[in-house]
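Everything below concerns the one structure shown next.
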């Protein structure tokens, strides 16, 4: 479930990034790369499970799936938090710089 949610977030971020085109001031490409990196990480984890003789994705118990869904949502939220910090530091529209100039 974690892999599915992360792939879904990566796909949505990529579509939004592509739709924004060259006028992309919000650095959505960075968010998409974060999610694709997480999706690749979960794929590597699944491949490791296959090598160890387990299943790629566990769909056995509802409780395990709920835990995986919570983990996936946590990854998505933390990706948004990291992206927000990135935007705050980069300040692509210059909003923070302008507000700091006004206060001086």
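Every number in this text was worked out from the coordinates using simple rules, so none of it is lab data. Here the structure is a predicted model, which is why all the values come from computation and not from measurement. Quick reminder, even Gly has a Cβ in these numbers, built from the backbone with ideal geometry, and neighbours come from all protein chains shown.
Key figures for this structure:
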| quantity | calculated |
| --- | --- |
| Value of [θ]222 nm, deg cm²/dmol, for the chain, DSSP H segments ≥ 4, -39500 (n - 2.57) each, nearest 500 | -27000 deg cm²/dmol |
| Inter-site label distance for residue 40 and residue 24 at 7 Å from Cα along Cβ, in nm | 1.6 |
| Tilt relative to the chain, helix 62-90 - C-alpha long axis, 0 to 90 degrees, to 10 | 20 |
| All-pairs Cα distance distribution in the chain, expressed in whole percent, bin size 10 Å | 15, 35, 26, 15, 7, 2, 0 |
| Cα pair distances in the stretch 6-52, grouped into 5 Å bins until the bin that holds the longest one, percent each | 5, 24, 22, 17, 12, 8, 6, 3, 2, 0 |
| Between 0 and 90°, nearest 10: helix 2-20 axis offset from the chain longest Cα axis | 30 |
